[in-house]
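The values are calculated or read from the model by the stated rules, or taken from the named source; none is laboratory data. Since we're looking at a predicted model, the values are computed, not measured. Here the Cβ positions follow ideal geometry from the backbone for every residue, glycine too, while neighbour counts run over all protein chains shown. The area values use the complete protein model at the heavy-atom level, side chains included, leaving out ligands, DNA and RNA. Shrake-Rupley method; radii C 1.70, N 1.55, O 1.52, S 1.80 Å.
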Amino acid sequence: MRLSRYFLPTLKETPAEAQIVSHRLMLRAGLIRQEAAGIYAWLPIGFRVLKKIEQIVREEMNRAGAIEILMPTLQPSELWKETGRYDAYGPEMLRITDRHEREPLYGPTNEDMVTEIFRAYVRSYRALPLNLYHIQWKFRDEIRPRFGVMRGREFLMKDAYSFDLDKEGARRSYNKMYVAYLRAFQRMGLTTIPMRAETGPIGGDLSHEFIVLADTGESQVFCHKDLLDMPVPEETVDFDSDLEAFVQQRTRLYAATSDVHDAARFESEVPEDKRVTARGIEVGQIFYFGTKYSVPMKAVVAGPDGKEVPIEGGSYGIGVSRLVGAIIEASHDEAGIIWPSPVAPFDLSLINLKKGDAKTDAACEGLYAKLTAARKDVLYDDTDDRPGAKFATHDLIGNPWQVIVGPRGLEKGTVEAKNRATGAREELSLEAALNRFA
RNA sequence: CGGGGCGUAGCGCAGUCUGGUAGCGCAUCUGCUUUGGGAGCAGAGGGUCGCGUGUUCAAAUCACGCCGCCCCGACCA
């Protein structure tokens, strides 16, 4: 992408409304524009990051055996009346009246609808286990949206729903999601710690929140230090194997958010030098909720003995749009965002320091053509800006690498590669640069 | 929803108390110079001062109503 033809509205000054660093950087780097309280338009590079996160989530869900569908944003209120949640959910749920005086709602979550889909088609235990997920915009009319996309009213969420014949099966489904979540977050460059959590309005009796540690986190968290460096299963992990031992190994260690924190237990279970007290951002939550929806909605299957039983369910959410903010909270510096490569808007910034200089232009065009041909996402800064302005812009938007091309280096036949995260610079020949990045 | 604050050019703000030609910096556009860490000079464009009603010869400024946004709290992916 040539920057001169792109749409990258960056701001030199910080908008007054942004209080936390990720919100400030998202506005300054031109990722989002607020359209109303808690409602944002995604601008080109913000949209790219959002899609990359979404794709990682999708790949890891698929790997774990979940199946993608897409349910609508608007839902008929009848479904919610069946489960009693139409009244239970309260004013957080956006209720709408259509031209026929019907009262659909903008979905804050999809348990009711997915259960309706399930019961319409599945009659036998032989179809189980089943895990259906989708990645769709949700709306929750928060009393006070804040922190940009971290706490918006409209947000993109991956939500998965598992269906099993019995508790043991539900537990296996839960464990798959537990592992898939660790993998997905790790691929985004995040260390997350699953923490025992309250089950909230969705209900159930087994739940973990996945927390990213960040100084600016919204909640106080407590955990065992060893959880910070525990390995995450490799890509080759067999999701059909018994994951219980792995999950046990992690859940045995104390980890809790302030809602459910038990100071006495924390102190008795965790040696003093292993106690971590920190701030964290919740980026995902998994629940086992049993028959909470299957009983009222009559989602039943015939078991091996021919008797109908309500399915055992769980639901599993990941805040996809929130993750954009969470990743920035966890990875930035004074100059701007530092994207982990897998979610960066571009693989690298190619910076032409002297647009109009024949040799510099030629070197840049050559690199751009070859890198693009090698299917790299390159943001080629071919604007007329001065070098200082370009450095500031590319540090701000945070692509992992900057390949800096100017007359000074080209005299010696070199270009410079700057690592955004470490600031380390290397002089490379044009050929070496190609080998490195193509 | 309770408490507090703010709406003036794309962004950041002054002007409001004490009514009288709507300003500054950044950004944008043009020209010249400049060119390895957010350049300089000269010029230009851009505003129903959030909306409405009222008071007044006259309202960004005063009064009332409404809307929007931000912060603290309770609530939440």
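Side notes on the structure shown:
- Taking region A:159-189 as the range and being open to solvent by less than 10 Å² (accessible area, probe 1.4 Å) and assigned to a loop (DSSP other than H, G, I, E, B) as the test, only A:M188 passes.
- Of all residues in region A:1-34, those satisfying the criterion of being more than 30 Å from A:K354 (Cα to Cα), within 8 Å of RNA strand B (Cβ to nearest atom) and of a type outside the set (A, V, I, L, M, F, W, C) are A:P15, A:E17, A:Q19, A:H23, A:Q34.
- Residue check, A:K307 more than 28 Å from the chain's Cα centre (by Cα), closer than 16 Å to A:L165 by Cα and open to solvent by 30 Å² or more (accessible area, probe 1.4 Å): yes
- Cross-chain or 6+ apart pairs with Cβ under 6 Å, region A:130-144 first and free of Cβ contacts under 8 Å to residues at least 60 places away in the same chain and within 16 Å of A:T109 (Cβ to Cβ), then open to solvent by 20 Å² or more (accessible area, probe 1.4 Å) and outside any strand (DSSP E or B): A:R140/A:E92; A:D141/A:E92; A:D141/A:R153
- Top-ranked residue in region A:370-393 [being closer than 16 Å to A:M1 by Cα and open to solvent by 60 Å² or more (accessible area, probe 1.4 Å); ranked as farthest from RNA strand B (Cβ to nearest atom)]: A:R375
- Residues (at negative phi and open to solvent by less than 40 Å² (accessible area, probe 1.4 Å)) located in region A:143-158: A:P145, A:V149, A:M150, A:G152, A:F155, A:L156, A:M157, A:K158
- Restricting region A:91-112 to residues that are out of contact with any helix residue (DSSP H, G or I) (no Cβ under 6 Å at 6 or more places or on another chain) and part of a helix (DSSP H, G or I), the residue that is nearest to A:E312 (Cα to Cα) is A:E111.
- Some residue of region A:74-89 being open to solvent by 20 Å² or more (accessible area, probe 1.4 Å) and under 17 Å from A:Y133 (Cα atoms): yes
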